[in-house]
Structures are given as C-alpha cells and as structure tokens.
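First comes the structure, then the notes that go with it.
The values are calculated or read from the model by the stated rules, or taken from the named source; none is laboratory data. This one's a predicted model, so the numbers in the text were calculated from it and none came from an experiment. Using ideal geometry, Cβ is built from the backbone for each residue, glycine included, and neighbour counts are taken over all protein chains shown.
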Amino acid sequence: MEFQRQLEEARELTENRLRTFFSGGGLEEAMRYSLLAGGKRIRPILTMKFCEAAGGTLEEALDFGCGVEMLHTYSLIHDDLPCMDNDDLRRGMPTNHKKFGECVAILAGDALQAAAFQTVLSAKGKWRHGGKAAVVMAAKILAEAAGETGMCGGQYWDTAGDGQPRTAEDLTDINNKKTGALLRAACMMGICASMGRREVDESCMDAAWHYATNLGLAFQIRDDVLDAISTAEELGKPVGSDAANQKATYVNLLGVEACEALVLDYTVRAKEALDAGRWLGDTAFLRELADSLAVRKN
C-alpha cells in the first residue's frame with residue numbers, strides 16, 4: 001500500500017506539471033496529444049525517486065523528469081511512423097501520425113525533443129553545490145542518452161537489421177541503447193537534481209547506472225513476452241508487430257519461459273546494484289518498482 005501511494009504521488013506530480021506545457025493550438029496541440037496520452041511515467045518517477053534516495057526531494061527533480069518524458073514521447077511518435085514500426089495505436093489511442101498526419105507528427109516529435117532540453121536547462125533549483133552545474137550535467141547526460149551512442153543508435157540497429165538473424169547478445173546490445181540509455185539518464189539525472197542538498201556521490205551514480213541497465217533489459221524482455229501473449233486491448237497498442245516486421249525478439253530466440261526467468265534475473269541484479277550507493281534516503285521504493293515492472297501486464 002505504501003509503494004502504491006508513493007507511485008501515485010509521483011505520477012500525479014508528473015501529470016500536473018506536464019499539463020502546464022504546450023497549451024496552444026497547431027503544432028502544440030499535436031505535441032500535447034502524445035505527451036498527455038497517459039503511460040506509466042516510469043522515467044520521471046525514476047528521476048524523482050533517485051533524487052529522493054540521494055537526499056533531495058521529488059519536486060527538486062520534477063522538471064528534469066518532465067524533460068526525460070518529453071524526449072521519450074518524441075521517440076514514441078517517431079517510432080510509430082510508417083518508416084519505422086508503422087503502428088496505428090499507442091496507449092489505446094490513434095498514433096500521432098494517424099491523428100495529425102505524418103508531417104505534423106515528425107515536427108511534433110522534433111519540437112518535443114527540443115523542449116526536453118529547454119525544460120531541463122530552465123529547471124529552477126537552489127543549487128548549493130557547483131552553481132548551475134546540476135542542469136548542465138543533467139542536460140549532458142540526456143543528450144548522450146538520446147544520440148547516436150544511445151537511443152537513436154539503438155533504434156538504428158534495431159531497424160537496420162529487420163529480417164536478419166540475430167543472437168540474444170545482439171538484442172541485448174541494441175536494447176541497452178534503445179531502452180536502457182534513457183532509463184539510465186532518468187536515474188542519473190535524479191542524482192544531479194539532489195545537488196541542491198549535496199555534492200554528487202559517484203557511488204550513487206554508478207549504482208543508478210547499473211540499476212537502470214538491468215531494469216531496462218528486464219523491461220524490454222517483458223515487452224517481448226507481452227507482445228507474444230497479450231492482446232491489443234490489454235496493451236493499448238498492436239501486438240505481433242515485431243513478427244510482422246520480421247524482427248528478432250527474445251521470445252522467438254529463447255521462448256516465453258526462458259524469457260520470464262531472464263526478467264526475474266535482471267530484476268534481482270537491478271535491486272542488488274542499489275547496494276553499492278551511499279544513499280542519504282531510502283531505496284525501498286526503487287526495489288519495489290523493479291519487482292512490479294517484472295510482472296506488469298501492459
């Protein structure tokens with residue numbers, strides 16, 4: 001019950017803050033449509049909760065988390081495009097290009113990417129350690145996660161080899177970039193946000209990196225399992241699109257049972273990674289969050 005209360009508190013903070021952005025029409029309407037379409041808000045929640053674990057507060061990390069969510073939303077808009085996964089449904093609603101047209105969807109994604117960095121770099125805080133170093137460090141982490149060595153690089157390798165044979169190790173390399181990079185950024189940016197309270201502790205940064213890496217792999221493998229065993233109604237998006245696009249997945253390489261065991265293994269590793277950090281706050285929520293994501297239904 002306490003975990004659920006904290007989850008809803010962080011999610012509500014995120015939703016309320018996101019509603020304050022992009023209130024105009026035209027392009028802003030398309031940006032807002034996807035940004036406020038729901039979702040778990042896992043990335044901003046991780047940002048805020050890592051800030052709290054490092055000794056800060058949820059509110060101090062809120063704009064960093066919202067910036068991560070904007071960048072994540074841009075990636076979903078582009079991922080759904082006909083030139084990528086060509087999906088018609090996202091979170092139970094028509095995808096952005098189905099609602100507004102392909103041109104507007106591309107621009108909405110581009111604008112959300114720019115807005116992500118504007119939001120992070122404009123974040124207000126009483127940065128007692130390093131002046132404005134917190135926002136610069138957070139923006140740098142986000143940029144590295146988004147670019148050719150992170151999310152975009154992972155997406156490139158994911159789409160470039162459609163229909164080609166791949167090993168589980170290949171998929172791990174791809175997903176470490178495509179999914180893991182932005183999760184790592186979310187967690188590490190939360191520690192940046194705690195710089196209003198303390199100097200950055202590298203043990204916390206390292207623990208966040210390893211936690212997010214293992215969480216990301218568990219998350220992606222669970223996605224592959226759900227794509228194989230769930231319905232579009234349960235997931236709020238099409239199922240079987242990986243098979244339709246001839247993409248190799250963990251499920252078609254290893255089978256559902258082995259994948260479920262891997263999800264649990266990576267989840268244990270994520271929780272164990274937290275032990276290495278010198279935290280000023282509690283990490284119990286982060287451990288329970290990893291457990292909850294391992295058995296999620298959508």
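Among the residues of the stretch 1-42, those identified as aromatic (Phe, Trp, Tyr) and touching an Asp or Glu at 6+ places or on another chain (Cβ under 7 Å) are Phe3, Phe22. Applying the set (1) at pLDDT below 95; (2) among the β-branched types (Val, Ile, Thr); (3) under 21 Å from the mean Cα position of the chain (by Cα) to Thr231 leaves exactly one unmet item: (3). Assess whether Gly190 counts as being over 19 Å from Thr57 (Cα atoms) and in contact with a Leu (Cβ under 7 Å, 6 or more places away or on another chain). No, not satisfied.
Among the residues of the stretch 12-34 satisfying the criterion of being part of a helix (DSSP H, G or I) and among the hydroxyl-bearing types (Ser, Thr, Tyr), which is surrounded by the most Cβ atoms within 10 Å (Cβ to Cβ)?
Ser34
For Ala193, the criteria (1) of a type in the set (A, V, I, L, M); (2) more than 26 Å from Asp275 (Cα to Cα); (3) over 14 Å from the mean Cα position of the chain (by Cα) hold in every case but one, which is (2). Which one is surrounded by the most Cβ atoms within 10 Å (Cβ to Cβ), of the residues in the stretch 94-127 that are of a type in the set (Val, Ile, Thr) and closer than 18 Å to Arg19 by Cα? Here the answer is Val120.
Which one is farthest from Ala143 (Cα to Cα), of the residues in the stretch 43-71 that are surrounded by fewer than 21 Cβ atoms within 10 Å (Cβ to Cβ) and not hydroxyl-bearing (Ser, Thr, Tyr)? If we take residues in the stretch 43-71 being surrounded by fewer than 21 Cβ atoms within 10 Å (Cβ to Cβ) and not hydroxyl-bearing (Ser, Thr, Tyr), then Gly55 is farthest from Ala143 (Cα to Cα). Contact annotation: residue pairs with Cβ atoms under 8 Å, 6 or more positions apart or on different chains, pairing a residue in the stretch 69-82 that is under 15 Å from Phe100 (Cα atoms) with a partner that is crowded, with 24+ Cβ neighbours inside 10 Å and of a type in the set (Val, Ile, Thr), are Ile77/Thr95; Asp80/Thr95. Residues that are over 22 Å from Asp80 (Cβ atoms), crowded, with 17+ Cβ neighbours inside 10 Å and either modelled with pLDDT under 90 or of a type in the set (A, V, I, L, M) (or both) within the stretch 167-200 comprise Met188, Met189, Ile191, Ala193, Met195, Gly196, Arg197, Val200, listed in sequence order.
For the stretch 242-269, a residue qualifies if it is touching a Gly at 6+ places or on another chain (Cβ under 9 Å) and in a helix (DSSP H, G or I), and exactly one does: Tyr266.
Selection of the stretch 77-93 for residues being assigned to a helix (DSSP H, G or I) and surrounded by 21 or more Cβ atoms within 10 Å (Cβ to Cβ) yields Ile77, His78.
Only a single item in (1) in contact with a Gly (Cβ under 9 Å, 6 or more places away or on another chain); (2) touching a residue at least 60 places away in the same chain (Cβ under 8 Å); (3) small (Gly, Ala, Ser) is not met by Ala108, and it is number (1). For the stretch 27-44, the count of residues that are free of Cβ contacts under 8 Å to residues at least 12 places away in the same chain and not charged (D, E, K, R) is zero. I need a count of the residues in the stretch 149-160 that are surrounded by 12 or more Cβ atoms within 10 Å (Cβ to Cβ) and either within 24 Å of Ala258 (Cα to Cα) or without any contact (Cβ under 8 Å) to a residue 40 or more places away in the chain (or both). Summing the residues that are surrounded by 12 or more Cβ atoms within 10 Å (Cβ to Cβ) and either within 24 Å of Ala258 (Cα to Cα) or without any contact (Cβ under 8 Å) to a residue 40 or more places away in the chain (or both) in the stretch 149-160 gives 8.
Inclusion of Ala133 among residues that are among the small types (Gly, Ala, Ser), surrounded by 15 or more Cβ atoms within 10 Å (Cβ to Cβ) and within 27 Å of Ala53 (Cα to Cα) is not warranted.
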